[in-house]
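Below is one structure, written out as structure tokens; comments come after it.
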Amino acid sequence: KGFNDILIANEVVEINKMKRLIEINKKNLVRVCVDSKKNVNNLSKLANKENVKLEVLIDIDVGLGRTGVKPGEPVLELAKFIKELPYLELVGFMGYEGHLTYLTDFGYKKQQTELCMKMLVDTRDLLNENGFEIEYITTSGSGTYMIAGRYPGITEIQPGTYPFFDEHMSKCVPDFEIALTILATINNQTGKRNFTLDMGSKACSTADGKPIFKDYRKSKMTILTEEHGQFKAGKDDSFEIGQKVELIPGHVCPTVNLYDFFNVIKDNKLIDKWEISARGKNY
């Protein structure tokens with residue numbers, strides 16, 4: 001049951017987390033990204049102690065400026081360092097062009113994404129010219145997958161928002177319909193066109209903006225506190241206390257992390273419940 005080939009698309013630096021990573025690799029293949037000699041050295045020592053081979057990918061900064069080493073020679077330097085350490089095997093690269101995700105000008109997005117992909121492929125060629133055998137390059141997300149996935153040399157893409165989509169992503173990538181909403185109830189009417197929902201920030205993340213109404217686009221959320229959502233009804237929208245409404249989160253990923261399961265709806269009927277088994281895994 002479960003997956004036996006996992007990539008942690010991040011660095012694991014804390015000592016207890018590194019120990020856990022090594023322990024898991026005794027039974028399952030779990031690769032991890034690295035971007036510093038200190039982290040690489042610590043992973044090697046722990047893997048050596050447990051006699052475990054650990055596969056790593058070098059995280060390359062292609063412009064996001066969040067994690068990773070610069071492409072080209074800095075990657076080659078870190079690769080040579082890894083090569084000299086026991087129990088570590090360099091198997092590929094990861095580079096995430098997240099700074100381009102929400103661009104709405106597709107022509108410009110394509111140009112900039114391809115420049116990022118070129119950085120990764122050129123760095124792969126540099127390493128292979130220096131005796132390495134790098135084929136695995138993982139990159140991209142739901143905002144740029146359609147560009148990165150077609151670029152020669154890219155072997156894996158990492159879209160995550162696409163199964164459900166959200167308000168923010170749909171503005172720049174119209175490829176998918178929005179499949180996830182939050183069901184809320186109107187609890188109070190506080191003015192002629194002012195209402196309060198039983199849904200607040202504990203039920204919907206405010207990352208990338210407030211949620212919007214699925215069926216009442218002229219109505220606007222005004223305030224989202226922990227347990228309440230206040231909104232102003234649109235000019236032609238009619239509401240009453242007890243009415244249920246569907247809302248689309250601005251960012252679906254942190255919203256999903258607030259729930260234990262999905263209610264699966266087909267033809268307005270509940271047909272299943274799907275457990276969100278990875279929620280709350282913040283350790």
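The values are calculated or read from the model by the stated rules, or taken from the named source; none is laboratory data. Bear in mind that the values here come from a model prediction, so they are computed numbers and not experimental data. All Cβ positions, glycine included, derive from the backbone under ideal geometry; neighbour counts span all protein chains shown.
Close Cβ contacts (under 6 Å, 6 or more residues apart or on different chains) running from residues in region 72-85 that are farther than 15 Å from Asn39 by Cβ to residues that are crowded, with 16+ Cβ neighbours inside 10 Å and not aliphatic (A, V, I, L, M) comprise Gly72/Thr123. Name, by its number, the condition in (1) in a helix (DSSP H, G or I); (2) exposed (fewer than 14 other Cβ atoms within 10 Å of the Cβ); (3) not hydrophobic (A, V, I, L, M, F, W, C) that does not hold for Ser44. In the conditions (1) in a helix (DSSP H, G or I); (2) exposed (fewer than 14 other Cβ atoms within 10 Å of the Cβ); (3) not hydrophobic (A, V, I, L, M, F, W, C), Ser44 misses (2) alone.
Restricting to region 195-216, and then to whatever is among the aliphatic types (A, V, I, L, M) and assigned to a loop (DSSP other than H, G, I, E, B), can you tell me which residue is modelled with the lowest pLDDT? Let's see the steps before the verdict.
Initially, region 195-216 is screened for residues among the aliphatic types (A, V, I, L, M), giving 197, 199, 203, 207, 212.
With the extra rule that they be assigned to a loop (DSSP other than H, G, I, E, B), the set shrinks to 199, 203, 207.
Numbers: Met199: 97, Ala203: 97, Ala207: 89.
Among residues in region 195-216 that are among the aliphatic types (A, V, I, L, M) and assigned to a loop (DSSP other than H, G, I, E, B), the one modelled with the lowest pLDDT is Ala207.
Considered as a group, the residues in region 123-168 that are touching a residue at least 60 places away in the same chain (Cβ under 8 Å) and out of contact with any strand residue (DSSP E or B) (no Cβ under 8 Å at 6 or more places or on another chain) include one that is farthest from Thr113 (Cα to Cα), and that residue is Phe164.
Among the residues of region 223-271, those that are of a type in the set (A, V, I, L, M), within 15 Å of Gln189 (Cβ to Cβ) and surrounded by 14 or more Cβ atoms within 10 Å (Cβ to Cβ) comprise Ala233, Val245. Within region 146-169, which residues are loosely packed, with under 14 Cβ neighbours inside 10 Å and under 14 Å from the mean Cα position of the chain (by Cα)? Once the filter is applied, which keeps residues that are loosely packed, with under 14 Cβ neighbours inside 10 Å and under 14 Å from the mean Cα position of the chain (by Cα), region 146-169 yields Gly160, Pro163. Annotation note: Cβ proximity below 9 Å between a residue of region 95-117 that is more than 19 Å from Glu156 (Cα to Cα) and a residue that is in a helix (DSSP H, G or I) and at pLDDT below 95 (sequence gap 6+ or interchain) occurs for Tyr102/His168; Tyr102/Met169. If you go through region 3-13 and keep only what is surrounded by 10 or more Cβ atoms within 10 Å (Cβ to Cβ) and of a type in the set (D, E, K, R), you end up with just Glu11.
Among the residues examined, Asn194 qualifies as free of Cβ contacts under 8 Å to residues at least 40 places away in the same chain and farther than 18 Å from Leu258 by Cβ.
Screening Val75, Val40, Val56, Val34 for residues that are in contact with a Leu (Cβ under 9 Å, 6 or more places away or on another chain) and either within 14 Å of Leu120 (Cα to Cα) or modelled with pLDDT under 95 (or both) leaves exactly one candidate, Val75. Of all residues in region 125-134, none satisfies being within 19 Å of Ala207 (Cβ to Cβ) and either among the aromatic types (Phe, Trp, Tyr) or modelled with pLDDT of 95 or more (or both).
Looking only at residues of region 1-13 that are part of a strand (DSSP E or B) and not aliphatic (A, V, I, L, M), we find that the one that is nearest to Ser140 (Cα to Cα) is Asn10. Residue count for region 14-33 under the criterion of being assigned to a loop (DSSP other than H, G, I, E, B), closer than 11 Å to Glu50 by Cα and of a type outside the set (Lys, Arg): the result is 1. Looking at region 14-41, which of its residues are surrounded by fewer than 17 Cβ atoms within 10 Å (Cβ to Cβ), under 26 Å from Leu76 (Cβ atoms) and under 24 Å from the mean Cα position of the chain (by Cα)? Those that are surrounded by fewer than 17 Cβ atoms within 10 Å (Cβ to Cβ), under 26 Å from Leu76 (Cβ atoms) and under 24 Å from the mean Cα position of the chain (by Cα): Leu29, Ser36.
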